1. For the stretch 83-136, give me the residue count where each residue is away from ligand 1 (no atom under 15 Å from the Cβ), among the polar types (S, T, N, Q) and not in a helix (DSSP H, G or I).
2. Taking the residues in the stretch 300-343 that are touching a Ser or Thr at 6+ places or on another chain (Cβ under 6 Å) and among the acidic types (Asp, Glu) as candidates, determine which candidate is farthest from Ser162 (Cα to Cα).
3. So Ala37 fits all but one of (1) over 21 Å from Ala341 (Cα atoms); (2) without any contact (Cβ under 8 Å) to a residue 60 or more places away in the chain; (3) not charged (D, E, K, R); what number is the exception?
4. With within 16 Å of ligand 2 (Cβ to nearest atom), touching a residue at least 12 places away in the same chain (Cβ under 8 Å) and under 25 Å from the mean Cα position of the chain (by Cα) as the only criterion, which of Ile202, Ile276, Ile247, Ile286 stands out?
5. I need a count of the residues in the stretch 80-117 that are in contact with a helix residue (DSSP H, G or I) (Cβ under 8 Å, 6 or more places away or on another chain) and in contact (Cβ under 8 Å) with a residue 60 or more places away in the chain.
6. From the list Thr363, Thr393, Thr422, which residue is in contact (Cβ under 8 Å) with a residue 60 or more places away in the chain and over 23 Å from Arg48 (Cα atoms)?
7. Could you grab me the full set of residues in the stretch 178-197 that are in contact with a strand residue (DSSP E or B) (Cβ under 9 Å, 6 or more places away or on another chain), of a type in the set (Val, Ile, Thr) and more than 15 Å from ligand 2 (Cβ to nearest atom)?
8. Looking at Gly314, Gly284, Gly306, Gly280, which one is over 30 Å from Ile20 (Cα atoms) and part of a strand (DSSP E or B)?
Amino acid sequence: MRMSQFFLPVLKDTPAEAQIVSHRLMLRAGMIRQSSAGIYSWLPLGFRVLKKIEQIVREEQDATGAQELLMPTIQPADLWRESGRYDDYGKEMLRITDRHDRDMLFGPTNEEVITDIFRGSIRSYRQLPRNLYHIQWKFRDEVRPRFGIMRGREFLMKDNYSFDLDKDAARHSYNKMFVAYLRTFDRLGLKAIPMVADTGPIGGDMSHEFIVLADTGESEVYCHADYLDFTVPDAATDYESDLSPIIEHWTSRYAATDEKHDAARFEAEVPSDRRIATRGIEVGHIFYFGSNYSKPMGATVMGADGVEVPVEMGSYGIGVSRLVGAIIEASHDDDGIIWPASVAPFHVGLINLKVGDADCDRTVLEIYETLRRAGVEVLLDDSDGRAGGKFATMDLIGLPWQIIVGPRGLKSGVVEVKERRTGVRQELSIEAAVATVAGVTEA
Ligand SMILES: Nc1ncnc2c1ncn2[C@@H]1O[C@H](COP(=O)(O)OP(=O)(O)O)[C@@H](O)[C@H]1O
Ligand SMILES: [Mg+2]
């Protein structure tokens, strides 16, 4: 992509309305624009990141055997009357009346719709287990939308729903999602810690929030520092095997949000030099809720013994759009964003320091084409601006690598390669520069 053709409306000044760094940087880097409170347009740079995150989330869901579908954003109120949630949900639900005076709503979540789909087609325990997911826009009329896309009113969520015959099977479905979440956040370059969450009237231990530590986070969190060094299950993990040793390991230390925090236990179980008390961003939430929806909505299956039972369910959410902000909170410096390679909007920023200089123009084009042929995504700064401004923009948008081509270097046959994360600069031959940046495209 050539910068001269790319829609990248970067801002010089820091927008006054943005309170946290990720919001400031997303606005400055031309990733998003607010449309109304808590509702944003995703501009090309931001959209590329959003799509990459979505794809990683999808791949890790598919690896577990979960299947993707797509449910509507507009739902009929009647389904929510059946589950009993229509009145309970309150003002966060955006209620709509259609031209025939039917009550509709913009879905804040999809338990009712998926349960309706399930009960219409599944009758026997032989058709279980099932796990269905989609990646879809939700609307919640939050009282205080804030921090840009972190707490929006409209936001992109991956949500899935598992269906099992009994609680043991439901636990296995839960464990699969637990492992998939560890892998997903790791691939996104994040350390997300599973913390016990409220299970409400269901009770038990099958609800976890996955939290990224950040002092700008909305929740207060407490955990053992050991979690920061735990290893994540690898790609070869067999999801049909017994996953409980992994879950036991990942729940073996203290970790809780303020809702579930027990100061006495925290002090008793965690040595003082290993205690982390900070804030965190909830990027995912997994939850087993048994027959809460299947019972009132009549989603039953016939067991092997011929007895009809309500299906056991769980739901699992990931805040796909919130993750864009969470990654920036976790990875930036004073100059701008530092994208992990796996989600970077482009892998390389190629800067031509002297547009119009025959040598520079030719070399830049040669590097651009070579990288593109190798499947490396390049953003070519072919603008006529000052060097300082070009460097600042590249640092701001945070691509993992920069290649800087100027007339002085070319005289001795070298270009400059800068790694954004470390700031390390090297003068390299064109071939070596290409090899260096191309080597890291596989995150
Ligand atoms: N208003 C919001 N803006 C952006 N992301 C959100 C918002 N609400 C929830 N999410 C994301 O969706 C995930 C699943 O949502 P859920 O657990 O139902 O939300 P909550 O914990 O706010 O009730 C959350 O872990 C979070 O990452
Ligand atoms: Mg939650």
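The values are calculated or read from the model by the stated rules, or taken from the named source; none is laboratory data. Owing to the predicted nature of the structure, the values given are computational and were not obtained by experimental measurement. With ideal geometry, Cβ positions are generated from the backbone for all residues, glycine too; neighbour counts draw on all protein chains shown.
1. 3
2. Ranking the candidates gives Glu329 first.
3. Answer for Ala37: the failing condition is (2).
4. Of the residues listed, the single one that is within 16 Å of ligand 2 (Cβ to nearest atom), touching a residue at least 12 places away in the same chain (Cβ under 8 Å) and under 25 Å from the mean Cα position of the chain (by Cα) is Ile286.
5. The qualifying residues number 7.
6. After ruling out the rest, the residue left standing is Thr363.
7. Selection gives Thr184 alone.
8. Gly314
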